[in-house]
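**Student:** Mind having a look at this structure? Questions to follow.
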Amino acid sequence: MSLRLHSSFGPERMRQLAKDILVRGLKTMTYREVAEGLRRGECPGWNSIVVSLDDFGTDWLRPRFQSMMHTFSERGLKLVVAVKVHGSQDLDAWAYLRAFEALENEVANHTIDHYNLARLDPDKVRWQIKWAHQIICHNLGRCPETLILPFGINDGNGYVRSAAGGYSFIAGIPGGRALGGEAPYYLGRIGPDNSDQRSTLNELAVTFNGKLSAGAEFLSFRAKNGRGCAAGPSLSIAIPLLVCSPSAAQSLPPAQVQALPAAFQARDRGFRTATELRSRISRLARFLKP
């Protein structure tokens with residue numbers, strides 16, 4: 001499960017996200033840590049999550065980024081920060097990033113100028129990735145092995161992958177739910193829900209087909225061409241419906257599970273209006289209430 005954040009997310013939402021990650025028992029990892037595990041033949045656990053914060057500029061140290069990064073670090077949570085290295089390099093910014101990496105976080109390459117790489121010719125793609133790589137290696141004292149794409153956009157002609165040779169991961173936005181072949185592997189990310197970080201974690205679990213926690217289960221329904229709902233993962237907007245509390249240690253009794261199709265009939269009957277959908281969900285919630 002991989003989440004994309006920007007500075008606009010802000011410190012307050014960052015604190016709420018950190019709290020909900022800890023409440024759910026999720027394990028924050030870096031892309032580098034995932035790569036190290038894969039080299040040992042180990043896959044990340046079902047409760048693993050990578051949180052990345054994009055657009056850290058190395059020309060000066062911005063307090064907003066510091067506050068967001070500190071929110072995770074003080075709680076023992078790991079974070080990936082994608083740096084763009086345009087302009088002069090600020091010594092304080094790099095000192096902060098070195099201390100940040102020493103806490104087992106990760107600094108990733110976000111290119112020089114944050115251009116859409118899919119619109120550049122091959123030489124400019126190489127320049128944006130490789131020169132940024134050199135600047136990071138020199139100032140951080142450690143070379144990056146993750147490229148986080150500006151705007152989350154990959155190119156379709158292989159220029160980016162070629163320029164990122166030697167990297168473990170290329171992180172974008174669409175797709176990237178599974179990996180195979182040889183590195184660099186492409187991984188997708190999703191953005192957060194700005195209103196409720198519990199919804200952010202729900203959507204991560206649905207998108208990447210993961211589990212919420214050992215004691216939580218939910219149903220997710222997505223619109224299906226206006227003709228009803230389908231149960232299961234959604235790559236777009238999902239409506240999470242909690243059917244047992246995160247603190248519950250047991251799942252639903254078999255009798256209730258077997259009764260769900262008769263009570264809901266989501267796959268047999270469509271919803272003619274949004275009002276009908278909300279009404280049906282409300283009735284199902286009452287049906288499942290202990």
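**Student:** So which residues in region 1-55 are among the aromatic types (F, W, Y) and within 29 Å of T111 (Cα to Cα), if there are any at all?
**Tutor:** F9, Y31
**Student:** At pLDDT 95 or above, over 17 Å from P144 (Cα atoms) and aliphatic (A, V, I, L, M): does that describe V83?
**Tutor:** no
**Student:** Checking P44 against (1) assigned to a helix (DSSP H, G or I); (2) modelled with pLDDT under 95, which single condition isn't satisfied?
**Tutor:** The number of the failed condition is (1).
**Student:** Could you check region 172-203 and list, in sequence order, the residues that are small (G, A, S) and out of contact with any helix residue (DSSP H, G or I) (no Cβ under 7 Å at 6 or more places or on another chain)?
**Tutor:** Within region 172-203, G175, G176, A178, G180, G181, A183, G188, G191, S195, S199 meet the criteria.
**Student:** Sort through E145, E104 and tell me the only one that's farther than 20 Å from P184 by Cα and touching a Ser or Thr at 6+ places or on another chain (Cβ under 9 Å).
**Tutor:** Exactly one residue qualifies, and that residue is E104.
**Student:** OK, next. Here is a list of conditions, (1) exposed (fewer than 14 other Cβ atoms within 10 Å of the Cβ); (2) touching a strand residue (DSSP E or B) at 6+ places or on another chain (Cβ under 6 Å), and F56 meets all of them except one; can you say which number that is?
**Tutor:** That leaves (1) as the condition not met.
**Student:** Would you please list the contacts, defined by Cβ atoms under 8 Å and residues six or more apart or on different chains, that run from a residue in region 163-190 that is at negative phi and in contact (Cβ under 8 Å) with a residue 60 or more places away in the chain to a residue that is assigned to a helix (DSSP H, G or I) and among the charged types (D, E, K, R)?
**Tutor:** Note: pairs meeting the criteria are S168/R32; I190/E203.
The values are calculated or read from the model by the stated rules, or taken from the named source; none is laboratory data. Being a predicted model, the structure only gives us computed values, none of them experimental. Note: ideal-geometry Cβ built from the backbone for every residue, glycine included; neighbour counts use all protein chains shown.
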